[in-house]
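Comments concern the structure below.
The values are calculated or read from the model by the stated rules, or taken from the named source; none is laboratory data. The structure displayed is predicted, hence computed values, not measured ones. Neighbour counts are summed over all protein chains in view; Cβ atoms, including those assigned to glycine, are modelled from backbone coordinates with ideal geometry.
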Amino acid sequence: MDSKSPTKCSTSMNFTGNLSLCPTVQPVLLGPMVNPFDEFYKFAFGSAIYIIIVSFITILANGLLLVVFFFDPLKIFRTATTYFLIGLALVDILTAASQEPMYATCFIMMYLRHPDTLTTCTPLLNVGQVIAVAAMNASFLIVLAFTITQYIVVVSPLKYGRRVTKSRVVICVLAIYAYSILFSLFPVMGIAEEIVQKIDNIFHSITLVYVTIIFYILLYVAFRKKMAASESLREDKTTQARGRENKQTGVERKFIIVNFLLIAILFLTSQPSAILWIYRLYSNENPNSPRVLIVNLMVADNLLYLKFLLDPFVYAWRIPKYRQALKNVLRCGREEPETTFSDRVMAQSQKPSNSSVCTGAAGLDSQEGMMHVEEFSKAAFGSSIFIIIVSPMTIVANSLLLVTFLVDPLKIFRNPTSYFLIGLAIVDLLTALIQEPIYATCFMLMYFQHPSWTKCESWMEFAFYFSAFPVSISASIVFAFTLTQYIVVTSPLKLGRMITKKKALLSVFAIYLYHTLFCCLPLMGIPQKTKHAIDLFFHRYAVVLVTIVVYIILHYTMKKKMTAGRSLQNEGSSTSREEGRHAQVQRSFVRINVVLLIIMIMFFVPSVLLMTIRFFLDDIFTARYGIRVLVVNLMTDNVLYLKFLFDPIVYAWRMSKYRKSLKSTVYRNKDKQSSRSEGETKITDARGQIGELTSAELNKSAITLLSFKNVSTD
C-alpha cells in the first residue's frame, strides 16, 4: 500500500525524532487474535512514563533559563552568544511542550487499546514527526554555531567583537529555524521519504555531530596553545607567579573536563539514533518489525529526549553565574542581608538528607548558639522526645522480624524475596540503634545547655555522613522488592528462573556496597554539593518516582488478571462464594496498593521537596525565614524516622503469616520439652489456619495475591 498516505499510517509506526518510514498497517486489535505489536505496546507505555517525567523537567529547566535571560538581573547576558542559548532553549521547550506529550498520549492509548487510537494518533504523530525533525536539526545546527563562536573567541579574541555581533547571531538563529522547518516539510512537498531520510541521517545526525566534535577538539588545542604561550611569557617564579600558575593549571583542568563532557553527551545522545537509522535504511530486515521498533524506541528515541533535557544544564546551569542570576530573579532583585547565625548553620548543613540541621549547629559555640536558636532548641527537644519513643519501637519491630526470618518455624520464608525484607530490616535497625540515639542525645544536651553539648561535634559529623546511608538503601531495596512483586504478578511461572536466592542476596549486597561507597565520596575528595546533587536527583527523585510508577503498573496488571479470572469463572462452573472471594481479594489489593503509594509519597516527598529548595535556593530561604527553615527540616527528618518504624509493619507484620510465625517462634521456645509429634501438629495447624496453601504460595508477599492460583496466567 502507499506508505506516504498519512491517514493509513499505523500507530505502531516508528516514533524516532527523525523521519521514519510508515510501516504496514497494524490496527489496534480488540479481539482474541494475538497482535505482533503487543510487546512494543508494553515498551511504549514505559516510554510514555519516561517522557512525562523528562518533558516536565525539560520545560522547567529551559523555562527558568529563558526567565533568567529575560530579566538578566546581573546584566551579564546581553551578549551575542546569549542568542544561541535562547534559540536552543526555545527549541527544547517547544519539543517538550508539544511533540513529547503527543507521543506520550498515543503510547498510553495504544497500551490501553483505546478504540480511537488510530483516528486520534495519526494526525498527532504526523505533526509530532515534523516538529521532531525540525527541533532536532535546529538543535544540532545551533550547537555547532555556538561551538564555532567559542572557537573564534579563543583563537581571535581581538576580532571577536567585529565577527560575532548580536544582529549576525539573531539572523543565524532565524536562518537555522527557517532551514530546519523547510527540511522537515520536504516529505509533504512530494520529495521521496527515503531520500529525505538518507540526507537527514548522513548530513544532520552524523556529519553535523562529528564536525561539532572536531571543533571541540580544535577548541581544546587552541586553548592549550594560549595557556602555554601565557606561561612562557612569565619568566619570574615568585610566590605570586606560582600562585597564578596553579590557578592556570586548575582552569586548564576544568576546561578539559567540561570539553570532554560536552563531547561525551553530544555523542551518546545522538549517535545511537544515527547508527540505528543506518541499519534501518541499508539492512534487509523489516524496519517496522516490533523488535526494531522497540530498540529504536528504548535506545535511540529516549536518548534524544534526554538531550533536550540536558541542554540547559550542559550549556548554562553548570556555570555559577547562571545559578546566581536565577537566585537574584527569584529574590526579585533584593540585596542579600548580612550573615546571621542561621545563615552559618545553613551553610554548614548543606546535606539534603535527614537531620541535616544538626551538623551546622553542633560545631558552633554553645553560648552563642543558645542565644540565637532558642526556637530551634525547643523544636529539637520535642524531636528528641519523638525519637526516644520511635527508636525503641523500631528496634523491637525489626528485631522480631529478623528473629522470625532466622527461626522460620513454619518453613515459609526460605525464598528470594525474604532477603529484600531482611536487608530492609537490617538498615532500619542500624538507624534506630546508631543515628537516632545520637541525635536524640545531642538535642537533649543542647536544650538543657549541658557543658557536654560542645563535644557533640564529632558525633554529629559521623551522623552527617551516615544519615544519607539508610534512606538511600531503604528506597533502593523497596524499589527492588517492588520489581520482584511485579514479576510475580506478570510472570509467575518464570519467577523461579528470573529471581533466585543467590540473585536476591547479591542484589542486596550490591545495594549496601554501592551506598556505602557513595556515602564515603566526600572522604575521597568529591565535593559535598556534587554528592548531594547525585543523591537528590538519582536516589530520591528517580528511585522514588520509578517505584511509584511500578506500583501503578502493578495495580493495572493485577486488575487485568482479575478480569481474566472472572471471565474464566463465568465460562466455567464458579460458585457465588468463589466470586465473592475474588472480589474481596481485589478490594484488598486495591487498599494495599493505595496504602503503599500513600506511605511512599508521605514519607519521601516532604524531605525531597525541602532538599530541592535548599539545594537551589538555600540562601534565599535562609535570609527570608531564618531558623524556621531549620525547624521545617527537623520535621521532615521526623517523618523519615517514622518510615523506619513503619517498614516492618507495612511489608511484614500486616500479613497474618508473619504474625503466626512469630507466635510459633514464641511457643517453640516455651515448649522445648514437648514431643516432636506435638510440634509437627502445631506447625500443621498453623499452616491450616493460614489457608491450606503450599509452601511456595506462602513464600509470596500478600500483594502477589496468589489466591488466583486457579486463574490462568497466560
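Could you list, in sequence order, the residues of the range 178-198 that are assigned to a helix (DSSP H, G or I), exposed (fewer than 14 other Cβ atoms within 10 Å of the Cβ) and β-branched (Val, Ile, Thr)?
Taking the range 178-198 as the starting set, the residues that turn out to be assigned to a helix (DSSP H, G or I) are 178-184, 187-189, 193-198.
Next, only the ones that are exposed (fewer than 14 other Cβ atoms within 10 Å of the Cβ) stay: 178, 182, 188-189, 194-195.
Within the range 178-198, VAL188, ILE195 qualify.
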Selection status of TYR439, of a type in the set (Ser, Thr, Tyr) and modelled with pLDDT under 85 = no
Looking at (1) more than 29 Å from the chain's Cα centre (by Cα); (2) crowded, with 21+ Cβ neighbours inside 10 Å; (3) not basic (Lys, Arg), which is the one condition that is false for LEU74?
-> (2)
Any chance ALA134 is buried (at least 21 other Cβ atoms within 10 Å of the Cβ), within 28 Å of ALA274 (Cβ to Cβ), over 28 Å from the mean Cα position of the chain (by Cα) and not acidic (Asp, Glu) = yes
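Of ASN284, ASN288, which residue is at pLDDT below 80, surrounded by fewer than 17 Cβ atoms within 10 Å (Cβ to Cβ) and in the same structural domain as PHE140 (by the TED database)?
Numbers: ASN288 fails: surrounded by fewer than 17 Cβ atoms within 10 Å (Cβ to Cβ).
Just a single option satisfies the conditions, and that option is ASN284.
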Just give me the residues in the range 91-143 being closer than 12 Å to PHE308 by Cβ and either small (Gly, Ala, Ser) or touching a strand residue (DSSP E or B) at 6+ places or on another chain (Cβ under 7 Å) (or both), in sequence order.
-> ALA96, ALA97, SER98, ALA132, ALA135, ALA138, SER139
Is it true that THR431 is closer than 26 Å to ASN398 by Cβ and either hydroxyl-bearing (Ser, Thr, Tyr) or at pLDDT 80 or above (or both)?
-> yes
Condition set free of Cβ contacts under 8 Å to residues at least 40 places away in the same chain and among the aliphatic types (A, V, I, L, M), scope the range 511-549, selection surrounded by the fewest Cβ atoms within 10 Å (Cβ to Cβ): answer is MET524
How many residues, within the range 16-54, are out of contact with any Pro (no Cβ under 6 Å at 6 or more places or on another chain) and either part of a helix (DSSP H, G or I) or at pLDDT 80 or above (or both)?
-> 15
With the condition kept exactly as written, say whether any residue in the range 80-93 is out of contact with any Pro (no Cβ under 6 Å at 6 or more places or on another chain), β-branched (Val, Ile, Thr), farther than 18 Å from MET136 by Cβ and not in a helix (DSSP H, G or I).
-> yes
Which residues, counting only those in the range 88-113, are surrounded by fewer than 20 Cβ atoms within 10 Å (Cβ to Cβ) and either on the phi > 0 side of the Ramachandran plot or charged (D, E, K, R) (or both)?
-> ARG113
Determine if the range 643-666 includes at least one residue that is at pLDDT below 80, crowded, with 20+ Cβ neighbours inside 10 Å and of a type in the set (S, T, N, Q).
-> no
Filter the range 456-480 down to residues that are touching a Ser or Thr at 6+ places or on another chain (Cβ under 9 Å), at pLDDT below 85 and among the aromatic types (Phe, Trp, Tyr) and give me whichever is farthest from THR441 (Cα to Cα).
-> PHE469
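Could you tell me which of the residues ALA347, ALA316, ALA325, ALA361 is at pLDDT below 80 and buried (at least 22 other Cβ atoms within 10 Å of the Cβ)? Walk me through how you get there before you give the answer.
Working: ALA347 fails: buried (at least 22 other Cβ atoms within 10 Å of the Cβ); ALA316 fails: at pLDDT below 80; ALA325 fails: at pLDDT below 80.
Result: ALA361 is the single residue among ALA347, ALA316, ALA325, ALA361 that is at pLDDT below 80 and buried (at least 22 other Cβ atoms within 10 Å of the Cβ).
It is to be established whether one or more residues within the range 616-628 are touching a helix residue (DSSP H, G or I) at 6+ places or on another chain (Cβ under 9 Å), farther than 27 Å from SER399 by Cα and at pLDDT 75 or above. Reasoning before the result, please.
In the first step, residues of the range 616-628 are kept if they are touching a helix residue (DSSP H, G or I) at 6+ places or on another chain (Cβ under 9 Å); the result is 616-623, 625-628.
Still in the list and also farther than 27 Å from SER399 by Cα: 616-623, 625-628.
Add one more test, that the residue is at pLDDT 75 or above, and what stays is none.
So far as the range 616-628 goes, no, none of its residues is touching a helix residue (DSSP H, G or I) at 6+ places or on another chain (Cβ under 9 Å), farther than 27 Å from SER399 by Cα and at pLDDT 75 or above.
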